[in-house]
Amino acid sequence: MPSSSKLGTIPVRLNPNRHTALNTVDFIPERNILMPSSKGYAAQSAESPLVPHAFSRRDPGATELTIDILFCGVCHSDLHMARNEWGNAPYPFVPGHEIVGRVSAVGHAVTKFKAGDIAAVGVIIDSCRHCLPCGRGEEHFCAEGATLTYAAKDRVDGSMTMGGYSNNYVVDERFAHTVPANLDLAAVAPLLCAGITTYSPLRHWGAGPGKKVGIVGLGGLGHMALKFAHSFGAHVVQFTTNARKREDAIKLGADEVVVSTDPTQMNAHKASFDFILDCVSAPHKLDDYLPLLKQDSTLALVGLPPEPPSFAPFNLIGGRKSIAGSMIGGMPETQAMLDYCGEHNIVSEVEVIPIQQINVAFERMLKQDVKYRFVIDMSSLA
Ligand SMILES: [Zn+2]
Ligand SMILES: [Zn+2]
């Protein structure tokens, strides 16, 4: 660290070709480097805990905004990536893709937000914007690959994207969402990943009145799936391995609860489901659920078990059944989900923690010891 006498705080244009707004950052003239303008908690290796980390973000371009982060949800993907369980973690990086905060600066062409507004950011923060899926508002299926909120190469300056376990974020307004004023902001954060991940497939496969819908797993994803399916008017059956979750499941909207390890309970639902949403990230047997689907019905996966699941083809061909998958949602659908949550007063069940407890929270998540999502209160970072 240079002595403070060498530091000057000056306004600088970080990217003169693109940006119009100015940021104030610490600049060391003789070394021609910018001092970090952001701080958060970063994963440094697969084995080490998350630790405080300072880094730089660019200033907002014409269509971009800076968000001072208030809350960030803790997603299972954060833990997978921090521990390099998918084998591609670029250390060091700051996790977090369930972001809610207050807009502190906007570029001159921003129309959706002004300083002081609440804004939310989810799993992706950019895409090519010209391919077929992007044109349809399905940026998450961008043909050139969407840019993830953390641990990805930024399309603007090639830097590593750093996530929401931090004090601020810079994002294009296309990838930021407005938040209904009536919702609790800490409990909104998980909607940006767990919420849209379950809302989108339930909409796509038509969960609604007259439909019998199964939800497998009652965790971060499952409890949101349960709330949405119930709200959409479906008859909802919650599957769980833990009989003690029955009361909670009923409270969250389940019409029935089935303990999936009990063959008698499972057989009672044979060939009766219009749709099953599988929200489990731990290893489990798809063959337990396929016989429960009606003819021509679908079991969709949204969880990411470490090992590829296997199934007996016989369970699919009899009844022409499908196993499908779904991943988050596009920007218009994510906004529609948030607006729907505002109209129907739906938020996540959360346990709010200071960022200093993030490593403990990771361990507790592995033991499923959370009801049902940890959310970091970013004021603890100060
Ligand atoms: Zn996530
Ligand atoms: Zn695209």
Between residues in region 97-110 that are over 15 Å from Pro180 (Cα atoms) and more than 16 Å from ligand 2 (Cβ to nearest atom) and residues that are among the basic types (Lys, Arg) and in a strand (DSSP E or B), which pairs lie under 9 Å by C-beta distance while being six or more apart or on different chains?
Glu98/Arg373
Hey, Asp68 away from ligand 2 (no atom under 16 Å from the Cβ), of a type in the set (D, E, K, R), closer than 27 Å to Gly222 by Cα and modelled with pLDDT of 95 or more or not
no
Taking region 319-374 and keeping residues in a strand (DSSP E or B) and either surrounded by fewer than 16 Cβ atoms within 10 Å (Cβ to Cβ) or not basic (Lys, Arg) (or both) leaves Ser322, Ile323, Ala324, Gly325, Val350, Glu351, Val352, Ile353, Pro354, Phe374
Identify all residues within region 120-158 that are away from ligand 2 (no atom under 15 Å from the Cβ) and farther than 17 Å from Gly96 by Cα; write none if there are none.
Val156, Asp157, Gly158
Quick check on region 287-318: of everything there that is in a helix (DSSP H, G or I) and in contact with a Leu (Cβ under 8 Å, 6 or more places away or on another chain), which residue is farthest from Arg136 (Cα to Cα)?
Asn315
Please tell me if Thr264 is outside the structural domain of Pro180 (by TED's automatic domain parsing), surrounded by 22 or more Cβ atoms within 10 Å (Cβ to Cβ) and outside any strand (DSSP E or B).
no
When the residues of region 135-154 are narrowed to those that are under 15 Å from Gly330 (Cβ atoms), touching a residue at least 60 places away in the same chain (Cβ under 8 Å) and part of a loop (DSSP other than H, G, I, E, B), which ends up farthest from ligand 1 (Cβ to nearest atom)?
Arg136
Can we say Tyr199 is buried (at least 24 other Cβ atoms within 10 Å of the Cβ), under 25 Å from Leu381 (Cα atoms) and either among the hydroxyl-bearing types (Ser, Thr, Tyr) or within 16 Å of ligand 2 (Cβ to nearest atom) (or both)?
no
Conditions (1) over 14 Å from the mean Cα position of the chain (by Cα); (2) crowded, with 23+ Cβ neighbours inside 10 Å -> Tyr150 fails only (1)
Got at least one residue in region 102-117 being at pLDDT 95 or above and within 21 Å of His76 (Cα to Cα)?
no
I'd like to verify a number: residues in region 233-252 that are buried (at least 20 other Cβ atoms within 10 Å of the Cβ) and not polar (S, T, N, Q), how many?
7
Candidates Asp157, Asp184, Asp172 - the one that is acidic (Asp, Glu), more than 16 Å from ligand 1 (Cβ to nearest atom) and closer than 14 Å to Phe71 by Cβ:
Asp184
Just one listed residue, out of Leu79, Leu65, Leu70, Leu132, is assigned by TED's automatic domain parsing to the domain that holds Ser37, free of Cβ contacts under 8 Å to residues at least 40 places away in the same chain and among the hydrophobic types (A, V, I, L, M, F, W, C), and it is Leu132
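The values are calculated or read from the model by the stated rules, or taken from the named source; none is laboratory data. All figures in this text were calculated on a predicted structure; none of them were measured in a lab. Glycine also receives a Cβ, built like all others from the backbone with ideal geometry; neighbour counts cover every protein chain displayed.
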